[in-house]
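Chemist: The structure under discussion is supplied below as structure tokens; questions concerning it will follow.
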Amino acid sequence: MRNIGIIIKKQLRDTLKNKTVLIQFIMFPVMTLIMEHAVSIPDMPEFFFTKLFSVMYIGMAPLTSVASIIAEEKEKNTLRVLTMANVKSWEYLAGVGIYVWTLCMAGAGVMATGLPSSDIPFYLCIMATGFIISIAMGAAVGIFAPNQMVATSLFMPVMMVFSFAPMLAMFNDKIEKAARVFYTQQLRVLLGQMTFDGIKTETVLVIVLNALIALSIFFAAFKRKGLE
Amino acid sequence: MITAKRLCKSFSEKQVLSGIDLDIRPGMIFGLLGPSGAGKTTLIKIITGQMGFDSGEVNVFGKAVKDLTGEDKKRIGIMMDDHGVYDRLTVTDNLKIFCDIYGVPYSAVSRVLKEVGLDDSAKKPAMKLSKGMLARLKLARVFMVDPKIIFLDEPTSGLDPMTMKYIHKLIRDKRASGATVFLTTHNMEEAATLCDEVALLNEGKIVERGAPDEICRRYNHQKKIDIHLTSGEDIELDHKAGSAEMITRLLEQGMLETIHSSEPTLESVFLELTGRKLDQEEEEMYA
Ligand SMILES: Nc1ncnc2c1ncn2[C@@H]1O[C@H](COP(=O)(O)OP(=O)(O)OP(=O)(O)O)[C@@H](O)[C@H]1O
Ligand SMILES: [Mg+2]
């Protein structure tokens, strides 16, 4: 258990010096603040940018950062040093997962600043759920990939689909229909409603199914390859 | 301290270790020598529990490797040639992580950095270190917990002679403070000067073992004297009384430039035993 805290502390020290990962966490929250304040188009739905960028954030930041953190650590064989020092694989993964989730939640907290305070709990619940699914997927990629190059080529297409589908869905009905199978699109729908009332079964089903798939890929990868 | 009996290991059909016996006593520096691909790293990985094996027995601290507890593992320091450091973190932060893991106070960091001579670079990010400094950082990581057994996989390969000497001194200091050291190398000279005992590993078998000078004496069967003359000529004399006259004459005539008896080195013993040069592969690689 103590080791989880140690991993979190290590990641914290490292992220401050790792600009490519740091930018992942900061970009969307900052863009949201800027766009919400700077741009106002007549007839634009309320909190348009907050809601759109939030789901893109879910599809991008946790997935890419978890995958690259794990893959880098495997590539440089620092993970080996940790396991030799008796840090268990699950402790390492939990440390990285909790760390990225917390950082993303902080980002979501920033993005929520514009929302009416009554909407904030609902908003954060949605974000929290989305981050968990993305983190599981990122971890699966990180476990599969032997190095960072492979990790990038694996998570790029996945990330593109999940984060851009909700945006493209706004412009095209066909894409909207297809995008409904992705959790990011369903989370986008939920953010549109901003309430727990009247949530459609389809929405819940898709999100749960996505989560199950992500988690089973993660566990399958972990069982087959461990953290070698 | 470390024992192995009839240890075998193969990777899908390819037998890498076939029947290794080891008995490494406490407080010595043991050197495992062998050409590239001999199975040195594989053997270390097996002894340190990073890899399984097919048959035989391996004991560390008198226990089977898989029975080692977390406490036991804390008393084992391991430096593998491919184990990395956290590039973006400073030297100090790299070590602090392991203070946290091992439950050692942060004050250990400056102590161990002084020990390996890296105290001036404590605030440097690891990626800005030179190769020799990086090797010392990895050693610092190993020394932090004051291990009883230290495994070093090619601790000096590719380092300049100065750093190499420095690391040798560190290793001897560790022996002096009671640690047992298990290292691998393809550097014969290193093995001869540093190790109390060596084993020559070739194609998965230990072909010779013992103290370096003892091995060399054992193979000293041809006993020759090599002489280089001022004229540039080389002559070889037998190790016999008759040769003395000849040497005296050469000395009187001022023709003798250098003279030495040609005792075998670990290198030549290895060549004799295997018909293979120790770092042949590397030479071929760079050729
Ligand atoms: N994980 C593995 N899977 C398959 N074969 C392996 C594996 N690890 C090592 N080998 C093979 O085992 C043999 C011994 O490798 P090992 O790394 O132990 O050699 P070494 O003596 O350490 O060489 P070097 O001096 O180059 O480090 C090699 O032929 C290598 O190809
Ligand atoms: Mg090796």
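The values are calculated or read from the model by the stated rules, or taken from the named source; none is laboratory data. Just so it is clear, the structure is predicted and the values come from calculations on it, not from any experiment. As a convention, Cβ positions derive from the backbone with ideal geometry for all residues, glycine included, and neighbour counts pool all protein chains shown. Calculation scope for accessible area: heavy atoms of the full protein, side chains included, ligands and nucleic acids excluded. Shrake-Rupley method; radii C 1.70, N 1.55, O 1.52, S 1.80 Å.
Chemist: As an exercise, identify the chymotrypsin sites (Phe, Trp or Tyr not before Pro) in the stretch B:98-153 lying in DSSP coil whose Cβ has no more than 14 other Cβ atoms within 10 Å.
Modeler: Within the stretch B:98-153, the qualifying chymotrypsin sites (Phe, Trp or Tyr not before Pro) (loop, at most 14 other Cβ atoms within 10 Å) are B:Y106.
Chemist: Based on alpha-carbon centroids, what's the gap between the stretch B:215-255 and the stretch B:195-213 in Å, whole number please?
Modeler: Measuring centre to centre over Cα atoms gives 30 Å.
Chemist: Give me a comma-separated list of calculated 3J(HN,Hα) values for the stretch A:34-49, in order, Karplus coefficients 6.51, -1.76, 1.60 applied at θ = phi - 60°, integers in Hz, x for any Gly or Pro.
Modeler: 5, 5, 4, 8, 8, 10, 9, 10, x, 6, 6, x, 4, 6, 3, 5
Chemist: Hey, can you grab everything whose amide H is under 5 Å from the amide H of B:E197? Only 5+ residues off in sequence or another chain; H modelled, so Pro and N-termini drop out.
Modeler: B:I29, B:G31
Chemist: Calculate, for B:K224 and A:N77, the FRET efficiency according to 1/(1 + (r/R0)^6) with r their C-beta to C-beta distance and R0 41 Å; round to the nearest 0.05.
Modeler: Working: r = 47 Å, r/R0 = 1.15.
Calculated value: 0.30.
Chemist: At 1.4 Å probe size, put A:M160, B:M162 in order of accessible surface, largest to smallest.
Modeler: Values: A:M160 95, B:M162 150 Å².
My answer, sorted largest first, is B:M162, A:M160.
Chemist: Once phi is turned into θ = phi - 60°, what whole-Hz ³J(HN,Hα) does the Karplus curve with 6.51, -1.76 and 1.60 give for every residue of the stretch A:201-213, x standing for Gly and Pro?
Modeler: For the stretch A:201-213, the Karplus-derived couplings read 4, 4, 4, 4, 4, 4, 5, 4, 4, 4, 4, 4, 4 Hz, x marking Gly and Pro.
Chemist: Using a 1.4 Å probe, what is the accessible area per residue for chain B, in Å²?
Modeler: 48 Å²
Chemist: Where the convex hull is taken over the Cα atoms of chain B, what is its projected area averaged over directions, in nm²?
Modeler: Approximately 19.0 nm², given one-decimal rounding.
Chemist: Calculate how steeply helix B:91-102 sits against the longest principal axis of the alpha-carbon atoms of chain B, using the helix alpha-carbon long axis, and give the answer as 0 to 90 degrees to the nearest 10.
Modeler: Roughly 70 degrees, rounded to the nearest 10.
Chemist: Here's a follow-up. Could you state the number of Å between the C-alpha centres of the stretch A:109-134 and the stretch A:44-104?
Modeler: 18 Å
Chemist: Round to the nearest 10 and report in Å² the accessible area of A:I98, as given by a 1.4 Å probe over the protein chains' heavy atoms.
Modeler: Surface accessible to solvent at A:I98 totals approximately 80 Å².
Chemist: List the lysines whose Cα lies under 18 Å from the Cα of B:K73, skipping any in the same chain that are fewer than 8 positions away.
Modeler: A:K88, B:K45, B:K63, B:K138, B:K148, B:K174
Chemist: Something else: If one takes the longest principal axis of the Cα atoms in chain A, at what angle in degrees, from 0 to 90 and to the nearest 10, does the Cα axis of helix A:120-144 lie?
Modeler: Computed tilt is about 40 degrees.
Chemist: Starting from 0.36 nm per residue, how many nanometres of slack lie between A:D197 and A:L12 once their C-alpha separation is accounted for?
Modeler: Taking 0.36 nm per residue and subtracting the Cα distance, the gain is 62.8 nm.
Chemist: Could you list which residues have their amide H under 5 Å from that of B:E257, counting only those 5 or more apart in sequence or on another chain, with H placed in the peptide plane?
Modeler: Here B:H228, B:L229, B:T230 satisfy the definition.
Chemist: Further, regarding this structure: At 7 Å along Cα-to-Cβ for each site, give me the label-to-label distance between A:I120 and B:K165 in nm.
Modeler: Rounded to a tenth, the inter-label distance reads 6.6 nm.
Chemist: Once the Cα atoms of helix A:183-193 and of chain A are each reduced to a long axis, what angle between those two axes, in degrees from 0 to 90 to the nearest 10, is obtained?
Modeler: 40 degrees
Chemist: Right, next: Starting from the 7 Å offset along Cα-to-Cβ, what nm value, one decimal, do you get for the label separation of B:E272 and A:M170?
Modeler: About 8.3 nm separates the two model spin labels.
Chemist: Taking N as the number of residues in the protein assembly as shown, what is its Cα Rg relative to 2.2 N^0.38 Å?
Modeler: 1.31
Chemist: Sticking with this structure for a sec: In Å², rounded to the nearest 100, what is the total accessible surface buried by chains B and A against each other with a 1.4 Å probe?
Modeler: Looking at B and A, the buried total is near 2200 Å².
Chemist: Cross-link candidates for B:K66: which aspartates and glutamates have Cα within less than 19 Å, leaving aside residues fewer than 8 places away along the same chain?
Modeler: A:E228, B:D21, B:D23, B:D54, B:E57
Chemist: Run the accessible area of chain B with a 1.4 Å probe and give the carbon-and-sulfur part as a rounded percent.
Modeler: Heavy-atom surface of chain B belonging to carbon and sulfur, 1.4 Å probe: 51 percent.
Chemist: Mind checking which aspartates and glutamates have their C-alpha under 19 Å from B:K124, skipping anything on the same chain fewer than 8 residues away?
Modeler: Hits, sequence-local ones excluded: A:D14, B:D87, B:D93, B:E115.
Chemist: Any idea which of B:M1, A:I41, B:I227 is furthest toward the positive side of the dipole for the protein assembly as shown, if Lys and Arg beta-carbons carry +1 and Asp and Glu beta-carbons -1?
Modeler: It is A:I41, whose Cα lies furthest towards the positive end.
Chemist: Then there's this: Which value, in debye to the nearest 20, describes the size of the charge dipole of the stretch B:88-140 about its Cα centre when Lys and Arg Cβ atoms bear +1, Asp and Glu Cβ atoms bear -1, and nothing else is charged?
Modeler: Here the size comes out at about 220 debye.
Chemist: Taking the Cα centre of chain A as origin, sum charge times position over the Cβ atoms of Lys and Arg (+1) and Asp and Glu (-1), and report the length of that vector in debye to the nearest 20.
Modeler: 900 debye
Chemist: Compute the distance in nm between two label points, each set 7 Å from the Cα along the Cα-to-Cβ direction, one at A:M149 and one at B:M255.
Modeler: Inter-label distance under the simple model: 6.3 nm.
Chemist: Per-residue Cβ counts within 10 Å, from other chains only, averaged over A:70-83: what number is that? List each step's numbers first, then the result.
Modeler: On the way: counts 0, 0, 4, 2, 0, 1, 6, 6, 7, 2, 6, 14, 3, 1.
If you average over the peptide's residues, the count of other-chain Cβ atoms is 4.
Chemist: Still on this structure, I have one more. Using a simple charge model, +1 on the beta-carbon of Lys and Arg, -1 on the beta-carbon of Asp and Glu, nothing else, what dipole does the stretch A:22-134 show about its Cα centre, in debye to the nearest 20?
Modeler: Roughly 420 debye, rounded to the nearest 20.
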